[in-house]
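The values are calculated or read from the model by the stated rules, or taken from the named source; none is laboratory data. Bear in mind the structure is a predicted one, so any value in this text is a computation, not a measurement. Positions of Cβ are backbone-derived with ideal geometry, glycine not excepted, and every protein chain shown enters the neighbour counts. SASA here: full protein model, heavy atoms, side chains in, ligands and nucleic acids out. Shrake-Rupley method; radii C 1.70, N 1.55, O 1.52, S 1.80 Å.
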Amino acid sequence: QVQLVESGGGLVQAGGSLRLSCAATDSISSITVMGWYRQAPGKQRELVATITSGAVTNYADSVKGRFTISRDNAKNTVSLQMNNLKSEDTAVYYCNAKTPFVQTWGKGTQVTVSS
């Protein structure tokens, strides 16, 4: 089963940018959907963005126009470019891989946006 390792989180001021990366330990070319989710303190985990094996993307309304998800099957990575960050984007961000048979999560990376 593929394992996922997130990186790129940190502390940034409101209006700033961060780029998160998710490295998979195995090929992601056959993984149906790769995605990013986030969980803020006291809140449920929520979808941020997903990208299919055919490069079709989907975004939460709250991040549309600010975040961009991409995947590189050759490098087995999925990235999330986050621009114009807001304090409400503060959360632990998790990478996710879904096939028809299994779902895998990374351990998460903290993103903190100061206002």
Checked region 33-56 for anything open to solvent by less than 60 Å² (accessible area, probe 1.4 Å), closer than 13 Å to V78 by Cα and over 11 Å from the mean Cα position of the chain (by Cα); matches are V33, T52
Of the residues in region 68-107 that are among the acidic types (D, E) and touching a residue at least 12 places away in the same chain (Cβ under 8 Å), the one that is surrounded by the most Cβ atoms within 10 Å (Cβ to Cβ) is D89
Selection over region 16-32 where residues are in a loop (DSSP other than H, G, I, E, B), at pLDDT 95 or above and either open to solvent by 50 Å² or more (accessible area, probe 1.4 Å) or of a type in the set (A, V, I, L, M) (or both) yields a count of 1
Of the candidates S70, S62, S115, the one satisfying the condition of being touching a helix residue (DSSP H, G or I) at 6+ places or on another chain (Cβ under 6 Å) and either under 19 Å from L18 (Cα atoms) or among the aromatic types (F, W, Y) (or both) is S115
Here the residues within region 76-95 that are among the β-branched types (V, I, T) and farther than 17 Å from T32 by Cα are T90, V92
Q110 open to solvent by 70 Å² or more (accessible area, probe 1.4 Å) and outside any loop (DSSP other than H, G, I, E, B): yes
